Amino acid sequence: FVQSEEFIEAHGGSRRDLSIFGQESNPTTWKLARMNLAIRGIEANLGPENADSFLRDLHPDLRADYILANPPFNMEDWGASKLANDARWKYGDPPRGGTRKQRSGNEIFVDGGNANYAWIQHFIHHLAPSGMAGFVLANGSMSSNQSGEGDIRRKIVEADLVDCMVALPGQLFYSTQIPACLWFLARNKNPGKGLRDRRGQVLFIDARKLGVLVDRTRRELTDEEVQKIADTYHAWRGEEGAGEYADVAGFCKSASMDDIR
């Protein structure tokens, strides 16, 4: 949220144009987020208390113009059994996840799924008619087929919601070494507001070879690399002044629905 505010002001916008909503289940993180925003003079509605986004959605009627999220990777035991036939699961019931049960003194593991496709559908549910979402997930979310995840992904792609996919290198996060990816979803790919007609197209960016090691265990993308990725996406969307887009072997490709099929 803070970076979003700084980005808007750096581009000549005003923070008064924003209404910020968020949610967090961890009570300490929720308090830190509120304090972080308050000391910067940023008003936000993070709900009256910490709460689980799946089991207790604090903003059920919110339809956001922009969604930014970094949900837990491959989260197991996320409460799926309590959310059967939830209105958010428009593209299919997410895997029930690794529910742990005790049986005869032994712990068993049920189903190998996780919450990745629950998160994706949660974000889609909260998008405004012309809203966009950008979020980070584990790389496996792009290819997993277990527990019906492939069918859900196919329906989301067929609904023409996926705008851009960015494959990232590993070691970008303190908490995990596994490589991640960025999903960018768009409810409306029609031409307008200075953008070209992107219907039936998805941009793929392969950034797995980018980044520099800052120590033995962590990698960072340089400002120039981040700008390269952003410029490629802006050009592909047809933004004014972004230049002409062209596929670059090994880095980016604009794919049709037939290509993806």
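So the values come out like this:
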read-out	value
Accessible area (Å², 1.4 Å probe, nearest 10) - E5	10
Surrounding net charge for E9, when Lys and Arg each add one and Asp and Glu each subtract one, Cβ distance under 13 Å	0
Euclidean distance of C-alpha centroids, the range 21-87 and the range 141-180, integer Å	21
Global form of the range 117-242, assessed from the alpha-carbon gyration tensor, a/c cut-off 1.5	oblate
Out-of-range pairs (alpha-carbon distance over 26 Å; input K189/K209; K155/K253; K209/K253; K90/K189; K189/K253)	K189/K209
Pair Q146, A230: separation of 7 Å Cα→Cβ label points (nm)	3.7
Placed amide H near D65: partners under 5 Å, 5+ positions off or other chain	A128
FRET efficiency, 1/(1 + (r/R0)^6) with R0 25 Å, evaluated for Y174 and D77 via beta carbons	0.60
Environment charge at V212 (Cβ cut-off 15 Å; Lys +1, Arg +1, Asp -1, Glu -1)	+1
5 angstrom amide H check on N45, placed H, neighbours 5+ away	I20, F21, G22
Pairwise Cα inverse-distance average, inverted: Kirkwood Rh of the chain (Å)	20.1
Residues whose placed amide H lies under 5 Å from that of A180, excluding near-sequence neighbours	N139, L168
Sulfur and carbon atoms: percent of accessible area, the chain [1.4 Å]	49
Nearest-0.05 FRET efficiency for T28 and D258, computed from C-beta distance (R0 35 Å)	0.15
Using θ = phi - 60° and Karplus 6.51 cos²θ - 1.76 cosθ + 1.60, couplings along the range 128-134 (whole Hz; Gly, Pro as x)	5, x, 10, x, 10, 10, x
Helix runs (DSSP H) in the chain reaching 27 Å along axis by Cα, Kyte-Doolittle at least -1.0	none
Cβ-defined net charge surrounding P94, 10 Å radius [Lys, Arg +1; Asp, Glu -1]	-1
The chain: relative contact order in percent, alpha carbon pairs under 8 Å with at least 6 residues between	13
Cα-based shape type of the range 121-184, given that a ≥ b ≥ c are square roots of the gyration tensor eigenvalues and the cut on a/c is 1.5	oblate
Sum of -39500 (n - 2.57) over DSSP H runs of 4+, divided by residues of the chain (222 nm, nearest 500)	-7000 deg cm²/dmol
Karplus (6.51, -1.76, 1.60) ³J(HN,Hα), θ = phi - 60°, over the range 194-200, in Hz, Gly and Pro reported as x	x, 10, 7, 6, 10, 4, x
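The values are calculated or read from the model by the stated rules, or taken from the named source; none is laboratory data. Since we're looking at a predicted model, the values are computed, not measured. Cβ: placed from backbone, ideal geometry, glycine included. Neighbour counts: every protein chain shown. We work out accessible area using only protein heavy atoms, side chains counted, and drop any ligands, DNA or RNA first. Shrake-Rupley method; radii C 1.70, N 1.55, O 1.52, S 1.80 Å.
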